[in-house]
Amino acid sequence: MIRPAVGGQWLDSTTKYLVNGTGAFSGKDATKVDRSAAYAARYVAKNVVAAGLAERFEVQLAYVIGGAQPISLNVETFGTGTVADETIRKLIEEHFDFRPGAIIDRFKLRRPLYRQTASYGHFGRPDFPWEATDLAPTLAKAAGARGALA
């Protein structure tokens, strides 16, 4: 089904897919992890890359309704990691709080900023707090203490 829809020239053995049947940002307040956890994942990925732990990075979070913490946290460096993926996952668990309330507080998502996201998108704009790389030095230091590819 995917090959006819996407075309073979775009698919190879390293192609990954993200299927999200219900995720959306617009129309959802910050208490909905579709929006807030996506911002948190972006923040984590930018900080991991800025810390020099990987050149490419993807983080996947999965929540259940009524659960404060994600039930799953997966990381992928696509072979570009300077430390083991498992080390990065542990660093993320130690330094990031993925509870919806903590995400709302970190990014000040109760303030009126959603009109701005409707113009030019949610990502890639330095005025949004989830685009900051302020935790990169902390991650780099913590990773260095564990040793390369540990």
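Can you pull out the chymotrypsin sites (Phe, Trp or Tyr not before Pro) in the range 42-150 that DSSP calls coil and that have at most 10 other Cβ atoms within 10 Å?
Within the range 42-150, the qualifying chymotrypsin sites (Phe, Trp or Tyr not before Pro) (loop, at most 10 other Cβ atoms within 10 Å) are TYR120.
How many lysine pairs in the range 28-146, separated by 8 or more positions in sequence or lying on different chains, have Cα atoms less than 18 Å apart?
5
Relative to the compact-globule scaling 2.2 N^0.38 Å, provide the ratio for the alpha-carbon radius of gyration of the range 28-146.
Normalised Cα radius of gyration, the range 28-146: 1.05.
Which trypsin sites (Lys or Arg not before Pro) does the range 60-114 hold that lie in a coil by DSSP with at most 16 other beta carbons within 10 Å?
LYS108, ARG110
For ARG99, what is the net charge nearby, where nearby means another residue's Cβ is under 13 Å from its Cβ and Lys, Arg count +1, Asp, Glu -1?
Result for the local shell: -2.
Bins of 10 Å, beginning at zero and ending with the bin holding the largest distance: percent of Cα pairs per bin for the range 55-104, please.
Pairs per bin, as whole percents: 24, 51, 22, 3.
Bear in mind that the values in this text are calculations on the coordinates, not laboratory data. Remember, it's a predicted structure, so these values are computed and weren't measured experimentally. For neighbour counting, all protein chains shown are included, and Cβ atoms are generated from backbone atoms with ideal geometry for every residue, glycine included.
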